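Visitor: First, the structure itself, so that you have it in front of you.
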Amino acid sequence: MDMNEIKEIFFQECEEQLAELESGLLKLNDGDRDPETVNAVFRAVHSIKGGAGAFGLDELVAFAHVFETTLDCVRSNKLDPNQDVLKVMLKSADVLADLTNASRDGGSVDESRTRGLVKELEALANGETITPSAAEPAAPKPAAKAAVVPPPAPAPAPTDDSGFQPIAFSFGDFEDAAIPLMEAPTFNITFKPSAALYSKGNESALLLRDLARIGEMSVNCDMSTLPSLDEMNPEGAYFFWKIAIKTDKGEEGIRSVFEFAEWDCELDIVMAEDETSADEELPMIPVPFDLSALEDDVHEPAVQPASMDEPVVAKAVATASAATEVTQAVAAAVEKREAASPAAAANAANAANNASAGQTIRVDLDRVDRLINLVGELVINQAMLSQSVIENDTTGTSAVNMGLEELQQLTREIQDSVMAIRAQPVKPVFQRMSRIVREVADMIGKQIRLITEGENTEVDKTVIDKLAEPLTHMIRNAVDHGIETPEKREAAGKNPEGTVKLTAKHRSGRILIELQDDGAGINRERVRQKAIDNDLISADANLTDEEIDNLIFAPGFSTADKISDISGRGVGMDVVKRSIQALGGRISISSRPGLGSTFTMSLPLTLAVLDGMVVTVAGQTLVVPLTAIVETLQPEAQNIHSFGSNQRLISIRNSFCPLVDVGRILNFRATQANPVDGVALLVESEGGGQRALMVDAIQGQRQVVIKSLEANYTHVPGIAAATILGDGRVALILDVDAVVGASRGQSLKQEMSLAATG
């Protein structure tokens, strides 16, 4: 594995860590104060920092270090994660993501924004109030330390005969967190860091503090190798520690603390035979660690001469501090894959023993796409072979025929399994929307909270990849147009903070994504007037509420009074409709004035295969998606009723349903067919209710491989895609929603050309 491959693995893991970071921060923002949530957020930033150090990504490491320090204050209960604090941290998570993307793609990040957030994070860590960062925020001013509770200043430590002060650290506030395990075994640990440990951004004191979290611990520091000042290397390592810890986490738990540093230190862990041996024969200086000295700067040198020339000391301190800021070289991505350290081996063994833990591998997406294409061709060839055997086997009971049935079943299982490989949760896309809500709300001065449900709903990756653009436009539209300002909301008796809810769920073999806001709803009078002004409709047009709502999907339509960075250029909702239709989906609107609007997108679970009903219409073979069909029936003359000049209804269980002649709608024939001579397919479409589609005959139900008609030919009104049947013929897949829309008076060609150009 070369360095480029390792680097790519690191950036892939960064995406996972960033998702974990944002998810944890959003939980904290919603009031979750579970320590494990805070730890997960801290670990995400720490892992990104450690991996970035391996590749010399100094800018990313520097920002992650400041972010990590502030998160550590939250983790140690020094900083209260209130709304103001979390607002800064969410912005910092966005910048961390931008820096990661810039490191991967070679771009750049606005330095003024980064500097402003660094100052805010440092202010929070130092117990100062913060001022929202502008282009170049002013330095934070000291204020009452309400959010941060600093520890009392330690008493001056006595000097020893050598003239040096012993290290005066204590675990302070962590004493309450130590676990009193009377029956837990005691381990004797020798921890001897090398200079490389400090050069890679690790800190012995932080490692020891984390170790204290898993049990009761005593520490002794050996300073016998400390040279005189004129012989001291500021980048050297001269101390080592003898530790006795009582814990039920075992050796594996201890080694996990040193997971990122084990390559750069000597670590010896031995279980004590009895309690008395734990503290024996340690002729060193006892060190009750006080990590309050680390709260302001974890890189402050631990050893200070009692009497030395101040400039010399200052220079040594500055050099040592700069050295410890160097990046970490032991990347989590490398360690997880090389599995060379004892800690990694122990973790791997633990995962193997855990039956509920799923094992995963990373596979290049091109390989999966090729596999899916090959399986699609396998399905087509299996259908062709079956068709050929059926045509030449009149009995239908031969061994070949029976074998083909088994082959068909196996092919279906293979196809389902391969499609499941591409199925991924929509969570990454949903998490991306939370950032858009924050940024747009800040730009226009609104208070808006995004609520997501069904993030683990799985859908084909090709669908997920194309969801981001339409969702982005819809989110921006909801924040800018849907939600009112805090003042207007209060005047209307609403909570000043608006809510946008994003939901995903499966229904009838499709995925439904709903975007709901509790804003003012669609102002239909204003929409209608804008449409008249833009010559989209005539002034005397008689439109239903649904038709008025759908005007916002017209190209160039916008109700914004002026052009801004967010809206006003007439580009947005028309892009949404075009993108959804390109995915084989549909979108509908439901709005109530004063209460809000709901946009519902219905999308196929996959763009590769579908179950369909093969039918014949005017000598043409069509495939109707099975998910749209409610039932099939044979019309009888007494159930057919005419009204108007050319409209017909069919009576189904004491209710009437419009009949739609598919052949006439698609211009396959010039006159309407007799319903009694054909078959009716009762279908249900989004926003169109139920319709009975008239076809000539049903050939059967089959699973077909979807082939893009636009990519291979051109767009055809009323047709969603194409497929290849078992006899080698090309069959067209019907766009049920377009046909139903045409039956309601819309021009099919006009509707489809609007979707193609709008």
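Visitor: For the range 175-182, does any single residue satisfy the condition of being under 18 Å from GLU252 (Cα atoms), over 35 Å from the mean Cα position of the chain (by Cα), at pLDDT 85 or above and outside the structural domain of ASP58 (by TED's automatic domain parsing)?
Guide: The answer is no; no qualifying residue exists.
Visitor: Under 7 Å between Cβ atoms, which residue pairs at least 6 apart in sequence (or on different chains) link something in the range 600-620 that is more than 13 Å from ALA731 (Cα to Cα) with a partner that is surrounded by fewer than 19 Cβ atoms within 10 Å (Cβ to Cβ) and of a type in the set (Phe, Trp, Tyr)?
Guide: Listed pairs, sorted by first residue: ALA618/PHE668.
Visitor: Can you pull out the residues in the range 208-229 that are part of a loop (DSSP other than H, G, I, E, B) and either in the same structural domain as LEU57 (by TED's automatic domain parsing) or over 18 Å from GLY253 (Cα atoms) (or both)?
Guide: Here is the first cut: in the range 208-229, the residues part of a loop (DSSP other than H, G, I, E, B) are 213-215, 223-228.
Within the range 208-229, MET223, SER224, THR225, LEU226, PRO227, SER228 meet the criteria.
Visitor: It is to be established whether one or more residues within the range 469-477 are farther than 14 Å from GLY519 by Cβ and assigned to a strand (DSSP E or B). Give the derivation first.
Guide: Of the range 469-477, the ones farther than 14 Å from GLY519 by Cβ are 469-473.
Narrowing the set further to residues that are assigned to a strand (DSSP E or B) leaves none.
No; the residues of the range 469-477 include none that is farther than 14 Å from GLY519 by Cβ and assigned to a strand (DSSP E or B).
Visitor: Within the range 446-463, can one find any residue that is modelled with pLDDT of 85 or more, closer than 27 Å to SER92 by Cα, in the same structural domain as LYS577 (by TED's automatic domain parsing) and in a helix (DSSP H, G or I)?
Guide: Checking the range 446-463: not a single residue is modelled with pLDDT of 85 or more, closer than 27 Å to SER92 by Cα, in the same structural domain as LYS577 (by TED's automatic domain parsing) and in a helix (DSSP H, G or I).
Visitor: Turning to a different aspect of this structure: Conditions: (1) outside any helix (DSSP H, G or I); (2) in contact with a helix residue (DSSP H, G or I) (Cβ under 7 Å, 6 or more places away or on another chain); (3) touching a residue at least 60 places away in the same chain (Cβ under 8 Å). ALA205 meets all but one. Number of the miss?
Guide: Result: ALA205 passes all but (1).
Visitor: Let me ask you something else. Considering only residues of the range 204-232 that are under 18 Å from PHE187 (Cβ atoms) and of a type in the set (Val, Ile, Thr), which is surrounded by the most Cβ atoms within 10 Å (Cβ to Cβ)?
Guide: VAL219
Visitor: Find all pairs meeting these conditions: Cβ atoms under 6 angstrom apart; at least six residues apart or on different chains; first residue within the range 726-744 and closer than 19 Å to ALA582 by Cα; second residue assigned to a helix (DSSP H, G or I).
Guide: Partner pairs satisfying both residue conditions: VAL736/ALA628; VAL739/ILE665; GLY741/GLU751; ALA742/ILE665; ALA742/LEU748.
Visitor: Here is a follow-up. If you take the residues in the range 590-617 that are hydrophobic (A, V, I, L, M, F, W, C), within 30 Å of ASP661 (Cβ to Cβ) and assigned to a strand (DSSP E or B), which one is modelled with the lowest pLDDT?
Guide: My answer is VAL609.
Visitor: Let me ask you something else. Scan the range 493-515 and give yes if some residue there is outside any strand (DSSP E or B), free of Cβ contacts under 8 Å to residues at least 12 places away in the same chain, surrounded by fewer than 18 Cβ atoms within 10 Å (Cβ to Cβ) and among the charged types (D, E, K, R), otherwise no. Talk me through it step by step, then tell me what you get.
Guide: Restricting attention to the range 493-515, the residues satisfying the condition of being outside any strand (DSSP E or B) are 493-497, 508-509.
Remaining after also requiring free of Cβ contacts under 8 Å to residues at least 12 places away in the same chain: 493, 495.
The next check asks that each one be surrounded by fewer than 18 Cβ atoms within 10 Å (Cβ to Cβ); those that pass are 493, 495.
Filter again for among the charged types (D, E, K, R), leaving none.
No - not one qualifying residue is present in the range 493-515.
Visitor: Look through the range 691-722, keep the residues that are in contact with an Asp or Glu (Cβ under 6 Å, 6 or more places away or on another chain) and either touching a residue at least 60 places away in the same chain (Cβ under 8 Å) or among the polar types (S, T, N, Q) (or both), and return whichever of them is farthest from ALA383 (Cα to Cα).
Guide: The residue in question is ALA720.
Visitor: While we're looking at this one, here's another question. Step by step: first the residues of the range 18-69, then only those that are among the acidic types (Asp, Glu) and farther than 19 Å from ALA102 by Cα, then the one that is surrounded by the most Cβ atoms within 10 Å (Cβ to Cβ). Which residue is that?
Guide: Start the filter on the range 18-69 by keeping residues that are among the acidic types (Asp, Glu), which leaves 20, 22, 30, 32, 34, 36, 58-59, 68.
This time we only want the ones that are farther than 19 Å from ALA102 by Cα, so: 20, 30, 32, 34, 36, 68.
Details: GLU20: 17, ASP30: 10, ASP32: 14, ASP34: 11, GLU36: 9, GLU68: 24.
Looking at the filtered set, the residue picked out is GLU68.
Visitor: Related question: Hey, among the residues in the range 9-28 that are without any contact (Cβ under 8 Å) to a residue 40 or more places away in the chain and of a type outside the set (Asp, Glu), which one's farthest from MET89 (Cα to Cα)?
Guide: GLN17
Visitor: Of the residues in the range 616-647, how many are under 17 Å from VAL740 (Cα atoms) and not polar (S, T, N, Q)? Steps first, answer last, please.
Guide: Let us first name the residues in the range 616-647 that are under 17 Å from VAL740 (Cα atoms), namely 617, 622-632, 646-647.
Now drop any that are not not polar (S, T, N, Q), which leaves 617, 622-626, 628-631.
The qualifying residues number 10.
Visitor: Considering only residues that are farther than 22 Å from ASN373 by Cα and surrounded by 20 or more Cβ atoms within 10 Å (Cβ to Cβ), which ones fall in the range 692-718?
Guide: Passing the criteria: ALA692, LEU693, MET694, VAL695, PRO717, GLY718.
Visitor: Another one. Suppose we keep only residues that are small (Gly, Ala, Ser) and at pLDDT 85 or above within the range 504-530. Which one would you say is nearest to MET573 (Cα to Cα)? Give the derivation first.
Guide: Our first condition is that a residue be small (Gly, Ala, Ser); within the range 504-530, this holds for 504, 508-509, 519-521.
From what's left, at pLDDT 85 or above: 504, 519-521.
On the way: ALA504: 20, GLY519: 17, ALA520: 18, GLY521: 15 Å.
Filtering first and then ranking leaves GLY521.
Visitor: If a residue has to be assigned to a loop (DSSP other than H, G, I, E, B) and among the acidic types (Asp, Glu) to count, how many in the range 478-492 make the cut? Don't jump to the end; show me each part of the working.
Guide: At the first step, the residues of the range 478-492 found to be assigned to a loop (DSSP other than H, G, I, E, B) are 483-485, 492.
Now drop any that are not among the acidic types (Asp, Glu), which leaves 484.
Qualifying residue count for the region: 1.
Visitor: While we're on this one: Select, from GLU684, GLU710, the only residue that is of a type in the set (Asp, Glu) and not in a helix (DSSP H, G or I). Reasoning before the result, please.
Guide: Details: GLU710 fails: not in a helix (DSSP H, G or I).
On inspection, the qualifying residue turns out to be GLU684.
Visitor: Okay, moving on. Among (1) outside any helix (DSSP H, G or I); (2) touching a residue at least 40 places away in the same chain (Cβ under 8 Å); (3) within 26 Å of ASN456 (Cβ to Cβ), there is one condition GLY31 misses while meeting the rest; what is its number?
Guide: With respect to (1) outside any helix (DSSP H, G or I); (2) touching a residue at least 40 places away in the same chain (Cβ under 8 Å); (3) within 26 Å of ASN456 (Cβ to Cβ), GLY31 is out only on (2).
Visitor: May I ask you to list the residues in the range 201-236 that are of a type in the set (Gly, Ala, Ser) and over 25 Å from SER76 (Cβ atoms)? Quick ask: steps written out before the conclusion?
Guide: Restricting attention to the range 201-236, the residues satisfying the condition of being of a type in the set (Gly, Ala, Ser) are 201, 204-205, 212, 215, 218, 224, 228, 236.
Selection gives SER224, SER228, GLY236.
The values are calculated or read from the model by the stated rules, or taken from the named source; none is laboratory data. None of these values were measured; they are calculated from a predicted model. Reconstructed Cβ throughout: ideal geometry from the backbone, glycine too, with neighbour counts over all protein chains shown.
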